[in-house]
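Okay, so here's the structure we're looking at.
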Amino acid sequence: MLLLNRFVLTFLICIVVTGPAEAKHETGFLDRLVVVNAVSYKYQVYVPENWTAARQWPVILFLHGSAERGEDGLVQTEVGIGTAIRRDRARFPTIVVMPQSRADGWWTEPSMTAVAMAALSAASKEFRGDLAHTYLSGLSMGGYGAWRIAGEYPNRFAALVPICGGIVKPEEARSHASDDMSVYTEAARKIGSRTPVWIFHGGDDTTVPVLESRRMYEALKALGADVKYTEYPGVGHASWENAYAESELMPWILSKSLLTRHF
């Protein structure tokens with residue numbers, strides 16, 4: 001009987017000691033699925049290694065470029081912010097939501113915007129995302145999407161980081177009258193002056209005209225917005241490599257909060 005009691009006691013101690021370890025949540029790049037209008041879309045969520053349910057976490061919604069479109073739910077992590085995270089995970093103490101546009105989609109289309117926002121909502125709920133510290137960034141096609149979504153949800157994001165994106169699609173932007181600022185002024189008006197924005201573009205970008213970012217910078221500045229613009233001389237379209245490597249980018253993003261915004 002004494003031996004049996006000792007065995008039971010030892011077993012109970014093992015349960016107490018090992019219980020919390022077994023409850024540890026998975027972290028890193030995680031596969032997820034979201035259903036929008038009865039259609040399933042794969043996406044990825046990056047969860048920091050020290051994630052805990054004991055507190056809320058800042059969230060970045062990242063929109064990829066046109067080359068990463070598809071249905072695998074993976075390739076969007078291989079360009080842009082996903083690459084930057086893999087190089088130095090300590091720089092990104094945030095949840096990062098990475099939806100994927102279908103091959104024939106464009107982030108400015110309502111159907112793809114719905115997918116992005118649904119993925120953001122699902123991941124924020126699962127991983128205790130902080131609504132006051134939720135941010136939006138995108139590159140190339142995703143930069144276009146970031147501008148559009150920020151305009152559709154002007155009080156949803158604490159900061160906006162569009163990279164080599166624009167308002168007028170590239171094929172039209174090249175012939176757009178240089179003195180016609182109306183579409184940029186309207187886009188800036190929808191976003192409003194209260195959302196902090198940091199714009200990035202390569203000075204030698206031949207894919208998306210650098211004028212797109214310059215014009216949005218001027219339009220937002222005219223509204224009195226909190227806007228920064230960084231242009232990389234001699235850099236082509238892949239300016240996201242420079243942008244996400246900026247040492248001040250993440251501190252700047254994480255310093256922004258809806259709680260300090262005056263509505």
What are the residues in region 55-93 that are surrounded by 23 or more Cβ atoms within 10 Å (Cβ to Cβ) and part of a loop (DSSP other than H, G, I, E, B), if any?
HIS64, GLY65, GLY80
Output the number of residues of region 34-62 satisfying the condition of being among the aliphatic types (A, V, I, L, M) and either more than 17 Å from the chain's Cα centre (by Cα) or modelled with pLDDT under 95 (or both).
6
Quick one: would you say LEU211 is surrounded by 15 or more Cβ atoms within 10 Å (Cβ to Cβ) and either at positive phi or not small (Gly, Ala, Ser) (or both)?
yes
Single residue of THR195, THR207 found to be over 17 Å from ILE253 (Cβ atoms), touching a helix residue (DSSP H, G or I) at 6+ places or on another chain (Cβ under 7 Å), touching a residue at least 12 places away in the same chain (Cβ under 8 Å) and not in a helix (DSSP H, G or I)
THR207
Among the residues of region 94-104, the number that are surrounded by 15 or more Cβ atoms within 10 Å (Cβ to Cβ) and either hydrophobic (A, V, I, L, M, F, W, C) or over 18 Å from GLY129 (Cα atoms) (or both) is 7
Please state which one of SER121, SER40 is of a type in the set (S, T, N, Q), surrounded by fewer than 20 Cβ atoms within 10 Å (Cβ to Cβ) and assigned to a strand (DSSP E or B).
SER40
Just give me the residues in region 239-253 being buried (at least 17 other Cβ atoms within 10 Å of the Cβ) and assigned to a loop (DSSP other than H, G, I, E, B), in sequence order.
SER239, TYR244
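Residues checked against (1) closer than 18 Å to SER137 by Cβ; (2) surrounded by fewer than 16 Cβ atoms within 10 Å (Cβ to Cβ); (3) touching a Ser or Thr at 6+ places or on another chain (Cβ under 6 Å):
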{"residue": "PHE200", "(1), (2), (3)": "yes, no, yes"}
{"residue": "ASP204", "(1), (2), (3)": "no, yes, no"}
{"residue": "ALA222", "(1), (2), (3)": "no, yes, no"}
{"residue": "HIS237", "(1), (2), (3)": "yes, no, yes"}
{"residue": "SER255", "(1), (2), (3)": "yes, yes, no"}
I'd like the full set of residues that are basic (Lys, Arg) and either in contact (Cβ under 8 Å) with a residue 24 or more places away in the chain or in contact with a Pro (Cβ under 7 Å, 6 or more places away or on another chain) (or both), limited to region 47-86.
ARG55, ARG69
I'd like the residue in region 124-141 that is part of a loop (DSSP other than H, G, I, E, B) and not hydrophobic (A, V, I, L, M, F, W, C) and, out of all such residues, is farthest from ALA243 (Cα to Cα).
ARG128
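The values are calculated or read from the model by the stated rules, or taken from the named source; none is laboratory data. Values in this document were obtained by computation on a predicted structure and should not be read as measured data. Here the Cβ is made from the backbone with ideal geometry for all residues, glycine too, and neighbour counts use every protein chain on show.
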